[in-house]
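The values are calculated or read from the model by the stated rules, or taken from the named source; none is laboratory data. Fair warning: this is a prediction, and the values are worked out from it, not measured in the lab. Because the Cβ atoms are built from the backbone with ideal geometry, glycine has one as well, and the counts that use them run over all protein chains shown. Ligands, DNA and RNA are stripped out before the accessible areas are found, and what is left, the full protein with its side chains, is counted by its heavy atoms. Shrake-Rupley method; radii C 1.70, N 1.55, O 1.52, S 1.80 Å.
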Amino acid sequence: MKKQLIIFLLCLITLQLQALDRRIIRISTASTDLILQIGTNGRLYQSYLGPRLINETDINHFLNDETISACKWEAYPGSGMEDYFEPALGITHSDGNMTTLLKYISQEIHLIDSNTTETIIVLQDEVYPIEVKLHYMAFAKENVIKSWSEISHQEKKSITLFRYASTMLYFQNPHYFLTEFSGDWANEVNMTSQELQFGKKILDTKLGSRSAMHTQPFFQLGIGHPVTENEGLVLVGTIGWTGNFRFTFEVDNIGNLRVVPSINPYASHYELLPGKIFKTSEFIFTLSENGVGRASRQLHDWARRYQVKNGLGERLTLLNNWENTGFNFDEKILLNLIKEAQHLGVDMFLLDDGWFGNNYPRNNDRAGLGDWEPMTSKLPNGIAPLIDGAEKSGIKFGIWIEPEMINPKSDLFKKHPEWAIHQSNREPYYYRNQLVLDMSNPKVQDYVYNIVDHLMTRHPGIAFFKWDCNSPITNIYSPYLKNKQSQLYIDHARGVYTVWERIKEKYPDLSMMLCAGGGGRCDYEALKYFTEFWPSDDTDPVERIFIQWGFSQIFPSQVLCAHVTSWGKQSIKFRTDVAMMCKLGFDISISSLTPDEQTFCQEAVKNFKRLSPIILQGDLYRLVSPYKTNHAAVMHVGKDQQQAILYAYDLYPRFGESLIPVKLQGLDPTKNYKIEEINLMPRRRSSLKAQGKTYSGDYLMKVGIEVFTTNKTHSRILEITAL
Ligand code: DGJ
């Protein structure tokens, strides 16, 4: 232990001395270098961001090379000086001056663990007492860097922040191609690409809560060429902010690109008191020289190991009742569903919306939000008999809440109208008949925290929460913030984090699903507090193939919930095979399935549980894109390359279409693998040519196997096992 400490301190000192000596700050992972340089003028510049340089000594060239120094890529440029493009920092000082110029003061390098270093660089303005700390956390093996900034000051009065980027990254290349992810309710993460030209491309959201409904908080950037799955240099970035965010991509007059991830400054000038720290959102990025496939795997590994709540832990398969019963249920119906869950073999029954509200019963989405007492007409004995019923059936019990929201038709609204974000002097605008509670108000934060805490205290048997959020902020006005309205978007999001932090602290092992009318919340800050999220209300399996393809670019299957429902009229096998690609659940009446369908589902659950270490923790390879063909194929490979799963889907193939064998990836070429089709309907035999055969990993990856058919909405799942 002592020896380790000495080695650690020596490393730290050496790193610091090296850096100070050379006026170079090198932030590295196993395959990326971000090189910053302190200019002779005392300002901090980015010299390089790209694949890691092999020769230490090459780094000195950055100090001497005039072309590179001429780029003047200031690491965190302030507004109002000689940089005429998007700044990282914008401050109106207490005297009204709008210029800020930061100079390098010091740096620290901390070894967080054997894989992670954190570099903190302190910058200050010589004219105004402003300090910015740039944080870069580098995860060596996963090749991920997380960066954020802390802004503070010692001016006599408060200052106003109007730009507060997490970080700033620069590239120099003749071409840049951006892939963005956008959509709407039940239509999330559509991937579209475009070449960036001179000027700005902005991806942003102004929805407040349910903030990622129209655009998701991540992007892919092809440096020099369009983004592809397995080739070329790409940057993949995502912002950890469960509120309004903004990515600015700006190509300047000489063709340099700057990438500016930030909390969206829209309607959000932020007053900062002397001595207080404004922490920006975290920006997480990875570079890959082998396309986005590798970038995804790097992010998945990082997320499971470092970011997601219980990221390496097990996940609960479940039966949910929303798509089956909607609001129409009672104790008897639910106890029957609990029996169905037991029969199916899943780990948990999840009770969805509609279980609460008495004076304003939650029998539809027009009333009840805010009144979190069980509805006596539906559940005269509360939820205790359901938890007992689940326990007796050997399964767990989970429950839906939407605690940040309020229906005007609720006891809570009658008691505390001032807790809702709304404007009493304007016509109200309701999104799904509800308003958003003002999470900037500490009393509201307590109230929201207590919804979970009271339920857990009264019913320690609750194993899972589905935390929904169905409305954006409308008619924005906080009675609590009074004349500081421009802080509401930010303080609201921070208030939500305060509550989540308290819940995580008290219930560190509680599994929680993040949901916002489908995938309206899907960011890595929220996932510090949630074990998984609900990507979309669209569970039509064909649509889901696209949605899962899109989210898989950033998130591992471990956090993507996928339920078998009655959306789409395809076979139960197709629907289940699509959901098997992520965290499997069901939201369907099991008793209305035929006996064969029920047997199939039971077997699928068993297969999923047996294979979940590979499905949820393995490496993902996207083999055939539904965007480019009439099919899709994806693979999960276990970390030891002993086992893999191949998912093959025929969507809408053309008549007479010629079918191309699928080349596998990620296997060990020197191993032999046996192929076995699983998830077959009872008494059905596999028609796969490769069924039961053995091939070398080399053959499977170079020649491939025939897995597609010309049948519409047809699927196959193959278990591939090393002998
Ligand atoms: C929206 C969610 O996405 C659904 O899964 C369901 O929980 C409903 N809300 C309930 O109101």
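Jot down the per residue volume, in cubic angstrom and as a whole number, of the convex hull over the alpha-carbon atoms of the chain.
Numbers: hull volume 128.8 nm³, N = 723.
About 178 Å³ per residue, rounded to a whole number.
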Task: Gained length - LYS443 relative to GLN602, 0.36 nm times residue gap less alpha-carbon distance - done: 52.6 nm
Open item on the list: Taking each pair of distinct Cα atoms in region 44-104 once, what is the resulting Kirkwood hydrodynamic radius in Å?
Closed with: 13.6
Task: Summed side-chain charge close to TYR136 - residues other than TYR136 whose Cβ falls under 13 Å, Lys, Arg +1, Asp, Glu -1 - done: -2
TODO: Quick one: accessible surface of SER478, probe radius 1.4 Å, all protein chains present, in square angstrom to the nearest 10.
DONE: 0
- [ ] May I ask which residue of LEU273, ILE338, TRP148 lies farthest towards the positive end of the charge dipole of the chain, with charges of +1 (Lys, Arg) and -1 (Asp, Glu) on Cβ and the Cα centre as origin?
- [x] ILE338
Open item on the list: Below 9 angstrom from the Cβ of ARG258, what's the summed charge of the other residues (Lys, Arg +1; Asp, Glu -1)?
Closed with: -3
Open item on the list: I'd like to know which of MET348, PRO77, LEU593 lies farthest towards the positive end of the charge dipole of the chain, counting +1 on Cβ of Lys and Arg and -1 on Cβ of Asp and Glu.
Closed with: LEU593
- [ ] Would you mind calculating the relative contact order of the chain from Cα pairs under 8 angstrom and at least 6 residues apart, reporting the percent as a whole number?
- [x] 9
Task: Euclidean distance between Cα centres, region 84-105 to region 478-495, Å - done: 24
- [ ] Go through region 350-436 and name the trypsin sites (Lys or Arg not before Pro) that are in a DSSP coil and have 11 or fewer other Cβ atoms within 10 Å of their Cβ.
- [x] ARG426
Task: Given LYS332/LYS583; LYS392/LYS609; LYS674/LYS702; LYS409/LYS443, the pairs whose alpha carbons are separated by over 24 Å - done: LYS332/LYS583
- [ ] Tell me which residues come under 5 Å, amide H to amide H, from ALA75 once H is placed; ignore anything under 5 positions away on its chain.
- [x] LEU44, TYR45, GLN46
Task: For region 603-610, Karplus couplings with θ = phi - 60° (6.51, -1.76, 1.60), whole Hz, Gly/Pro x - done: 5, 4, 4, 4, 4, 4, 5, 5
Open item on the list: Which residues among region 429-449 fall inside the zone where the amide N is under 16 Å from a point 7 Å beyond the Cα of ARG458, along Cα→Cβ?
Closed with: 447-449
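About its Cα centre, how strong a charge dipole does the chain have in debye, to the nearest 20, once Lys and Arg get +1 and Asp and Glu get -1 at the Cβ?
1020
So if I place +1 on the C-beta of Lys and Arg and -1 on the C-beta of Asp and Glu, and nothing else carries charge, what would the dipole magnitude of region 208-363 be about its Cα centre? I want it in debye, nearest 20.
I would put it at about 380 debye.
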Task: Length added when fully stretched, ALA140-MET81, from 0.36 nm per residue minus Cα-Cα - done: 17.7 nm
- [ ] Enumerate by residue number the trypsin sites (Lys or Arg not before Pro) in region 540-643 meeting two conditions: DSSP loop (anything except H, G, I, E, B), and at most 16 other Cβ atoms within 10 Å of the site's Cβ.
- [x] LYS569, LYS628, LYS639
Task: Long-range amide H partners of THR474 with built H, under 5 Å - done: VAL436
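Taking the solvent-accessible surface of protein heavy atoms with a 1.4 Å probe, what is the per residue accessible area of the chain in Å²?
So the chain comes to 39 Å² accessible per residue, rounded to a whole number.
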TODO: Under a cut-off of 15 Å between alpha-carbon atoms, report the aspartates and glutamates in cross-link reach of LYS628, not counting same-chain residues fewer than 8 places apart.
DONE: GLU229, GLU543, ASP650, GLU657
Open item on the list: Run the numbers for LEU53 and LEU723: contour at 0.36 nm per residue of separation, minus the present Cα-Cα distance, in nm.
Closed with: 237.3 nm
TODO: Taking the dipole about the Cα centre of region 613-723, with the C-beta of Lys and Arg at +1 and of Asp and Glu at -1, give me whichever of GLY656, MET681, LEU620 is farthest to the positive side.
DONE: GLY656
Task: Along principal axes, Cα extents of region 412-490, largest first, whole Å - done: 44, 25, 25
Task: Cleavage-rule hits (chymotrypsin sites (Phe, Trp or Tyr not before Pro)) in region 104-202: DSSP loop, at most 11 neighbouring Cβ within 10 angstrom - done: PHE198
Task: Gyration tensor verdict on region 529-574 (Cα atoms; rounded if a/c is under 1.5, prolate if a/b is larger than b/c, oblate otherwise) - done: prolate
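Report for the chain the percent antiparallel among DSSP-assigned beta bridges with both residues inside it, nearest 5.
Values: 132 of 160 bridges.
About 80 percent, rounded to the nearest 5.
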Task: For region 378-432, size of Cβ-based charge dipole, Lys and Arg +1, Asp and Glu -1, in debye - done: 140
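Using helices alone, I'd like the mean residue ellipticity at 222 nm for the chain: each DSSP H run of four-plus residues gives -39500 (n - 2.57), total over residue count, nearest 500.
-6500 deg cm²/dmol
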Task: At 0.692 mPa s and 37 °C, Stokes diffusion of region 380-455 via Kirkwood alpha-carbon radius, µm² per second - done: 225
- [ ] Please count, across region 124-257, the pairs of lysine residues with Cα atoms under 30 Å apart that sit 8 or more places apart or on different chains.
- [x] 11
Task: Per-residue HN-Hα couplings for region 422-438 [Karplus 6.51, -1.76, 1.60; θ = phi - 60°; Hz; x = Gly/Pro] - done: 5, 10, 6, 9, 10, 4, x, 10, 9, 9, 6, 6, 9, 10, 9, 5, 7
TODO: With viscosity set to 1.306 mPa s and temperature to 10 °C, compute the Stokes-Einstein D of region 199-280, Rh being the Kirkwood radius across alpha carbon pairs; µm²/s, no decimals.
DONE: 109
Task: Between region 412-435 and region 309-373, the alpha-carbon center distance in angstrom - done: 27
